[in-house]
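Engineer: Submitted below is the structure of interest, expressed as structure tokens.
The values are calculated or read from the model by the stated rules, or taken from the named source; none is laboratory data. None of these values were measured; they are calculated from a predicted model. Cβ atoms come from the backbone with ideal geometry, glycine included; neighbour counts cover every protein chain shown.
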Amino acid sequence: MKRILSILLISVLTMMFAGCATTSDEQAIKQLEPLKVSQRKTLAVLPYDFKDYDLTYQGLESGLVDLTINYFFSTQRLVLVERTRLNAIAQELKYSSSALVSTEHALKIGEQAGAGYVFLGAVTSIKPIAHRKTIGVAYINTKGFDVTLTGRIIDIEKGVVVASATAKGVEIKKKKVAFGATTGSIDPDDTLIRNALQKASKILTNDLASQL
């Protein structure tokens, strides 16, 4: 009897997996040629603006600045201004946190920090993904998030955009249940969103760095 149930379980799971492969809209990471330190532009990375009309997930983008700085640094094509220095300048200028996403204020902070360029980004969309597929007594629960980021790099002296990009990040988890057996697990929403934002940030910075 146990052997029959095992065979049935394998058969059902095989059927469930068939056609359930997740397709990703994420862009490919480009292979970039490192620049000599003397050739690298100095960039100030400012906080992301949250522009999604649904404010449910606002605040989860708070860790994006550090991720963006790290990813830009890993391209070996830019010199990054330390975040603490940017925060100190913002305090000296008496700018509120909400004012930091302003282009005018961002350029002023970047200039004071000695940067030649400033990065401004935005979270434009966080879309939940959720569906369930059932085959007899077995089912698959799928949950995740599809996020979109935009970013641009501005030449502080000239006041012109020298690079711009849009990037998508998708994080999906599946939980499969058949005959009481469970495989896989689904993370909390904030974990799924942060993982999707991390993927999008890596793609965004890679694309922008390739344009410089």
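Engineer: Could you say which residue among Thr148, Thr191, Thr205 is modelled with pLDDT of 95 or more, under 19 Å from Lys127 (Cβ atoms) and either part of a strand (DSSP E or B) or not aliphatic (A, V, I, L, M) (or both)?
Structural biologist: Values: Thr191 fails: modelled with pLDDT of 95 or more; Thr205 fails: under 19 Å from Lys127 (Cβ atoms).
Testing whether each residue is modelled with pLDDT of 95 or more, under 19 Å from Lys127 (Cβ atoms) and either part of a strand (DSSP E or B) or not aliphatic (A, V, I, L, M) (or both) leaves just Thr148.
Engineer: Let me ask another. Which of the residues belonging to segment 105-131 are farther than 25 Å from Arg194 by Cα, hydrophobic (A, V, I, L, M, F, W, C) and in a helix (DSSP H, G or I)? Full working, then the answer.
Structural biologist: Within segment 105-131, the first condition is being farther than 25 Å from Arg194 by Cα, and the residues that meet it are 105, 107-117.
This time we only want the ones that are hydrophobic (A, V, I, L, M, F, W, C), so: 107, 109, 113, 115.
Hits for segment 105-131 are Leu107, Ile109.
Engineer: Here is a further query. Looking at Ile135, Ile129 in this structure, which one is touching a helix residue (DSSP H, G or I) at 6+ places or on another chain (Cβ under 8 Å) and aliphatic (A, V, I, L, M)? Reasoning before the result, please.
Structural biologist: Details: Ile129 fails: touching a helix residue (DSSP H, G or I) at 6+ places or on another chain (Cβ under 8 Å).
Just one listed residue meets the conditions, Ile135.
Engineer: Also, I was wondering about something else. Quick test for you: out of Ala181, Ala167, pick the one residue that is in contact with a helix residue (DSSP H, G or I) (Cβ under 8 Å, 6 or more places away or on another chain), of a type in the set (A, V, I, L, M), under 30 Å from Arg40 (Cα atoms) and touching a residue at least 12 places away in the same chain (Cβ under 8 Å). Spell out the reasoning first.
Structural biologist: On the way: Ala181 fails: under 30 Å from Arg40 (Cα atoms).
Only one candidate passes the filter, namely Ala167.
Engineer: I would also like to ask the following. Mind telling me which of the residues Lys173, Lys143 ends up being within 24 Å of Glu61 (Cβ to Cβ) and in contact with a Pro (Cβ under 9 Å, 6 or more places away or on another chain)? Steps first, please.
Structural biologist: Numbers: Lys173 fails: in contact with a Pro (Cβ under 9 Å, 6 or more places away or on another chain).
Only one candidate qualifies: Lys143.
Engineer: I want to confirm something. Restricting to segment 63-73 and keeping residues that are free of Cβ contacts under 8 Å to residues at least 40 places away in the same chain and surrounded by 13 or more Cβ atoms within 10 Å (Cβ to Cβ), which single residue is farthest from Asp146 (Cα to Cα)?
Structural biologist: First, the residues of segment 63-73 that are free of Cβ contacts under 8 Å to residues at least 40 places away in the same chain: 65-66, 69-70, 73.
In the following step, the residues that additionally are surrounded by 13 or more Cβ atoms within 10 Å (Cβ to Cβ) were identified as 65, 69-70, 73.
Numbers: Val65: 19, Ile69: 22, Asn70: 22, Phe73: 25 Å.
The residue in question is Phe73.
Engineer: Of the residues that make up segment 28-47, is at least one of a type outside the set (Val, Ile, Thr), at pLDDT below 85, within 30 Å of Lys143 (Cα to Cα) and in a loop (DSSP other than H, G, I, E, B)? Show your work before the answer.
Structural biologist: If we filter segment 28-47 for residues that are of a type outside the set (Val, Ile, Thr), which is where we start, we get 28, 30-36, 38-41, 43-44, 46-47.
Those left that are additionally at pLDDT below 85: 28.
Next, from what is left, pick out any that are within 30 Å of Lys143 (Cα to Cα): 28.
Narrowing the set further to residues that are in a loop (DSSP other than H, G, I, E, B) leaves 28.
Yes - at least one qualifying residue is present in segment 28-47.
Engineer: If you take the residues in segment 161-193 that are in contact with a Ser or Thr (Cβ under 9 Å, 6 or more places away or on another chain) and of a type in the set (S, T, N, Q), which one is nearest to Ala28 (Cα to Cα)?
Structural biologist: Thr166
Engineer: Out of the residues in segment 168-212 that are over 19 Å from the mean Cα position of the chain (by Cα) and among the basic types (Lys, Arg), which is farthest from Val65 (Cα to Cα)?
Structural biologist: Selected residue: Lys176.
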